[in-house]
Structures are given as C-alpha cells and as structure tokens.
1. Report, in degrees rounded to the nearest 10, the 0 to 90 angle that the Cα long axis of helix 264-277 makes with the longest principal axis of the chain.
2. How large is the helix-only mean residue ellipticity at 222 nm for the chain, computed as the sum of -39500 (n - 2.57) over DSSP H runs with n ≥ 4, divided by its residue count, in deg cm²/dmol to the nearest 500?
3. By how many degrees, 0 to 90 and rounded to 10, does the Cα axis of helix 299-310 deviate from the longest principal axis of the chain?
4. Share of antiparallel DSSP beta bridges in the chain, in percent to the nearest 5?
5. Under 1.5 on a/c is rounded, so check that first for segment 263-321, then, if it is not, pick prolate when a/b is larger than b/c and oblate when it is not; a ≥ b ≥ c are the square roots of the alpha carbon gyration tensor eigenvalues.
6. Compute the Cα gyration tensor for the chain, then decide on rounded, prolate or oblate, letting a ≥ b ≥ c be the square roots of its eigenvalues: rounded whenever a/c is under 1.5, prolate when a/b is larger than b/c in the other cases, and oblate in all that remain.
7. Could you give the Stokes-Einstein D for segment 287-471 in µm² per second, using the C-alpha Kirkwood radius, 20 °C, 1.002 mPa s?
8. Sort 369-377, 208-216, 397-405, 272-280 for me by packing, meaning the mean count of neighbouring Cβ atoms within 10 Å per residue, highest on top.
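Values quoted throughout were computed directly from the atomic coordinates according to the rules given, and no laboratory measurement underlies them. Given the structure is predicted, the values throughout are model-derived calculations rather than measurements. Cβ placement follows ideal geometry from the backbone for every residue including glycine, while neighbour counts extend to all protein chains displayed.
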Ligand code: NAD
C-alpha cells in the first residue's frame with residue numbers, strides 16, 4: 001500500500017472532556033494532593049504547595065504539596081525497609097511471578113481508569129488525544145516487555161570459576177535497593193512507565209519524582225499501585241520542584257541509583273551531585289534531531305512526513321527533527337511543501353476537535369522559544385515562517401506559531417534544542433556534506449535518512465553519531481531495541497526499553513570463597 005502526500009497529517013485532537021473521576025481526584029477531598037510515602041498521603045513539613053495548570057487554558061487543575069528534605073529522607077527509609085523486609089519477606093525476595101502479577105494488575109487498573117490517565121496527559125500535559133492515546137498504550141507494552149525480560153533474567157549467583165587452588169569465585173547480581181526516577185514533563189505516562197516497570201521488576205523499591213508541570217499522572221499511578229497491592233514503601237511518589245525535591249533526592253546517599261530523563265544541563269548537574277556520595281545514574285537527555293533528504297526522495301511526501309514528526313507534541317519531543325539537510329536539487333520544492341504543512345497546522349486548545357498545535361507547557365518554555373526564534377534569525381537563518389505568538393481567540397495559554405528557516409552550510413543558526421514546532425532547512429551539495437553537518441551537533445539522540453535507495457540509506461544512517469539511526473522514519477521506539485543518546489543526549493546506562501535497561505537496575509558483585517586455612 002502506498003501513502004500519498006495528502007494523507008499525511010499532523011497528530012490531531014478529538015474533543016476531550018475530563019471524566020468526573022479525574023475532577024474528583026484533582027479536588028483531593030478539599031486538601032492539596034500529597035506525596036505518597038509508605039502508603040500514606042503526606043502533605044509535607046515545608047508547608048509549600050504548587051499549582052498544576054492546564055497550559056491551554058491556564059485553569060488550575062490541582063494544588064499539589066511539595067516534598068522537602070524530611071519527606072525524601074522518610075521515603076528513603078520506608079523504601080529501604082520495604083526492600084529488605086523482615087526475614088526473607090522484602091520486595092527483593094518477592095518471586096518474579098508475584099512481581100509480574102502486581103505489575104499486570106496495575107496495568108489492568110490503568111485500563112479501567114484510562115480516561116483519568118488520558119485527562120492527565122491531555123489537560124495537565126497539554127497533549128492532543130491522538131498522541132495521548134498512543135502514549136497510554138505504552139503502559140501495557142512496557143509492563144509486558146519487562147515481565148518477559150524479568151522472567152528470563154539471570155539474577156543471583158553466576159557460574160563459579162576455580163580462581164586459585166582452594167578458591168572459587170562467582171558473580172552475584174541483585175537489585176540496587178532504593179532507586180529514583182526523575183521524570184520530565186513532556187511524556188509523563190510513558191517516561192514514568194519506562195522507569196517504573198523495569199526498576200520494580202528487577203526488585204527495587206522506587207521513588208518517582210514527577211516534573212512540577214505535570215505531577216498528576218505519577219500521583220494517580222501511585223494511587224493505582226497501592227490498589228494493585230504493591231506493599232507500602234515499594235512505590236513512593238515525591239512531587240516538587242527540581243531544585244528542591246529533586247535536589248534532595250540526588251543528595252541522599254540512601255538512593256543507590258537514579259534514572260534521570262530531562263535536559264542535559266540538569267542531568268550533568270545531578271551527576272556531579274551523585275558523584276559526591278557514589279550514587280550511580282543513568283541519563284536520557286535532550287536532542288536536536290536531524291534528517292537528511294536525498295535527491296531521489298519525493299520532496300512533498302517527505303516534507304509532510306518530517307513535518308508530522310517535527311510537530312509531534314508541538315516539537316516537545318526529545319528525539320524529533322529540528323535540523324533538515326536536503327539535496328539542493330529538490331530543496332525549493334521541499335521547503336514549499338514543509339511551509340504549507342506548517343502553515344496549515346490547526347493551532348488551538350488541545351482538547352478541542354481538530355487541534356494540531358496546542359499551547360506549550362509553561363511561561364518559561366514560551367519565553368525560551370520566542371528568544372530562540374529571534375536568535376536563529378540573528379545568526380543568519382532566513383525566516384520562511386518567523387514564528388511568534390499565536391492568537392487563539394478567547395483561550396488564555398502559551399500559544400506560539402511554528403517557525404521555519406532556510407539556512408546554509410556555513411551558518412550554524414540552530415545549535416540548541418528549541419523544543420517547539422521549529423526547524424531549519426539547509427540545502428546541501430551531497431549526502432556526505434549533510435552527514436558531516438548533522439554530526440556536528442553535540443547532541444546525538446535521533447537522526448534519519450530519507451531515500452528510495454534503502455541500501456544507501458542504511459549505509460548512511462549507520463554513520464550518524466546518534467543513539468537512534470533511521471531510514472524513512474523518525475521518532476522510532478520499539479521494545480527490545482535500546483533508546484538512548486550519544487554525546488550530551490545520554491549515558492551512562494544502556495538506554496531504555498531493552499534488556500540492558502533491566503540490568504541497569506541491578507548491580508553485580510564478585511564473591512570469592514576460599515577453603516578455611518588449615
Ligand atoms: P529538566 O531537566 O528541566 O527537568 C527534568 C526533571 O528534573 C524534572 O522532574 C525536574 O523537576 C528535575 N530537576 C530539575 N532540576 C533538578 C535538580 N537540580 N536536581 C534534581 N532534579 C532536578 O527537563 P524538562 O524541561 O522537564 O524536560 C525537557 C527535557 O527532557 C528536554 O531536554 C527533552 O529533550 C528531555 N527529554 C529526554 C528524553 C529522552 O528519552 N532522551 C525524553 C523526554 C524528554
């Protein structure tokens with residue numbers, strides 16, 4: 001079956017209304033939503049709350065308590081107790097089948113409350129329903145994949161080696177203990193699942209630190225985890241600002257391992273903090289993805305495909321395309337087609353039918369994107385669509401227009417992740433020149449080649465300095481293949497969604513046993 005250019009459209013909203021259960025959850029029985037620590041709702045000793053708002057209407061959805069140093073310490077304590085338990089009854093000793101049963105019970109409850117979780121993603125996260133519904137399927141996909149990995153994983157003692165006369169040695173692989181997941185705001189359900197399932201199934205007790213802009217889905221998942229029957233202390237949720245709650249988590253020596261997803265600057269800072277007391281870490285960070293379009297590609301078809309990815313969650317997608325290198329023989333047609341795709345995007349409220357480009361998440365991002373648009377032009381980017389503020393009638397929110405620039409190989413006008421429907425298009429003389437320009441970025445998350453010549457595409461794609469190298473597709477993820485970054489986009493750690501991810505949540509010791517000296 002062939003796809004025609006006109007069939008390719010941006011992710012689009014159906015009309016969405018919050019279910020009563022979501023409104024009731026947000027109301028918190030008249031109290032701010034507390035953190036979840038050891039099965040208790042905790043308001044926090046700092047007496048600080050923050051509001052979680054709908055970015056497309058600025059309506060306050062819920063008031064949430066911020067967790068401070070005392071709550072982080074308490075969470076580490078209860079999680080440590082739940083890990084060890086008394087006797088051999090801790091989470092670390094729970095048989096794999098029981099861990100899988102609880103994980104799949106949690107998935108069932110998510111399916112039951114699908115609309116509540118979609119409301120978190122659409123209203124709190126600002127996403128259109130088509131994308132939010134896809135995100136929701138990741139909960140089950142992730143749990144099922146990691147139950148499979150956990151069942152075949154080799155934990156415990158490895159084969160013994162005779163290392164010397166009367167001395168044998170073997171490896172012992174076990175969970176870390178207490179691990180924390182620090183989550184960004186752009187894909188809350190997906191990224192909480194990608195952390196939570198492998199970490200729990202490997203036998204760790206977890207602290208989830210959601211982003212301050214989108215705390216609702218993690219709080220709801222924490223509530224469902226309790227209902228599913230996870231023992232108190234195994235799943236804890238600590239909402240709060242990064243520089244407060246997140247920082248206290250990074251500073252606590254009882255947290256043995258941190259899985260961080262977010263921006264490179266914050267990831268680098270947390271790594272330095274963790275290094276002071278030996279907490280290990282994996283990091284999945286930002287990107288500034290590139291696409292190379294070869295001369296044999298259909299410029300209109302490919303421009304629309306790339307436009308769809310660039311606009312995925314309004315460009316607030318870590319691995320998406322923001323830098324395009326197109327063969328100069330088709331550059332004008334490609335630019336025309338991408339401009340018309342961007343111009344036709346339906347800008348509006350994310351829960352109204354037909355919306356394709358909604359509001360960005362907060363005022364900081366809004367100001368940052370506007371500044372980046374100005375900087376791109378001042379660095380020599382020739383504005384095809386200049387961006388700027390979008391007027392969406394009666395709605396209040398952080399609405400912006402898409403931005404598109406024509407550039408040249410000699411100008412680096414797009415050096416940083418902008419995180420909006422924003423792209424530079426650079427006509428090039430050859431695929432080799434395009435590859436050299438694509439690889440000149442310090443980021444390295446996702447890149448693609450677009451061509452009818454698959455063999456040539458694969459040969460070029462393998463030369464990207466990126467964790468995900470693609471031919472005729474972008475924003476690709478699949479369980480069983482690592483999703484991680486090179487350069488400042490990722491590491492250490494084996495990426496997410498693969499067997500190495502599971503093993504990242506375990507540590508290995510060497511055990512030596514000698515005969516008693518006679
Ligand atoms: P961010 O780095 O600002 O925040 C991420 C998380 O870190 C939040 O929970 C925040 O509260 C916390 N945090 C901030 N300062 C902290 C500190 N000092 N100590 C501990 N925690 C702290 O990122 P963001 O703006 O929320 O998310 C967008 C970024 O995430 C983009 O760069 C995007 O590309 C990246 N991202 C990467 C992936 C990936 O898989 N590679 C996926 C999604 C998003």
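1. With rounding to tens, the tilt is 20 degrees.
2. -11000 deg cm²/dmol
3. Approximately 40 degrees, to the nearest 10.
4. That works out to approximately 40 percent antiparallel.
5. Working: a/c = 5.48, a/b = 3.25, b/c = 1.69.
Prolate.
6. Values: a/c = 2.05, a/b = 1.37, b/c = 1.49.
Oblate shape, in that a/c is at least 1.5 and b/c is the bigger or equal ratio.
7. Values: Rh = 16.3 Å.
D = 131 µm²/s.
8. 208-216, 397-405, 369-377, 272-280
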